[in-house]
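Derivation of every value follows stated rules applied to the coordinates shown; laboratory data play no part. This is a predicted model, so every value here is computed, not measured. Counting neighbours? That spans all protein chains shown, and the Cβs are built from the backbone with ideal geometry, glycine included.
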Amino acid sequence: MASASGAMAKHEQILVLDPPSDLKFKGPFTDVVTTNLKLQNPSDRKVCFKVKTTAPRRYCVRPNSGVIDPGSIVTVSVMLQPFDYDPNEKSKHKFMVQTIFAPPNISDMEAVILN
């Protein structure tokens, strides 16, 4: 299990995450195991997002960044790479979904996302 959090507590959360807090991966872990995270934009503005993890070698996230139109949902696939299962590692990996409202006059969304 890994934790997925939106914005930090002192910031307003822009996106609605589903599942809201924990990503669950079901073994066996000898092959890639994929779970999905839905990012919903309930606002009336475009939102840029980027997904980060504390264990980047263990996970492949696609798409790991992008732009979500107002009222839209993006499904992010989180792929856990094969490994030898260790019950002590459960829940130690974290994910963060960084968000920002897209600037209104920006032509290059990639420049916003990558910074």
What residue among 29, 54, 85 has its Cα farthest toward the positive end of the dipole of segment 2-104, where the charges are +1 on Lys, Arg and -1 on Asp, Glu, each on the Cβ? 54
With Rh as the Kirkwood radius over Cα pairs, segment 2-104 has Rg/Rh of 1.00
Multiply the residue separation of residue 96 and residue 52 by 0.36 nm, subtract the distance between their alpha-carbon atoms, and state the gained length in nm to one decimal. 15.3 nm
Between residue 44 and residue 62, what is the label-to-label distance in nm when each label sits 7 Å out along the Cα-to-Cβ direction? 3.7 nm
Using unit Cβ charges (K, R positive; D, E negative) and no other charged atoms, how large, in debye to the nearest 20, is the dipole of segment 2-104 about its Cα centre? 200 debye
In segment 2-104, how many lysine pairs have Cα atoms under 23 Å apart, counting only pairs 8 or more places apart or on different chains? 28
With labels modelled as points extended 7 Å from the Cα through the Cβ direction, what inter-label distance (nm, one decimal) is found for residue 79 paired with residue 29? 1.8 nm
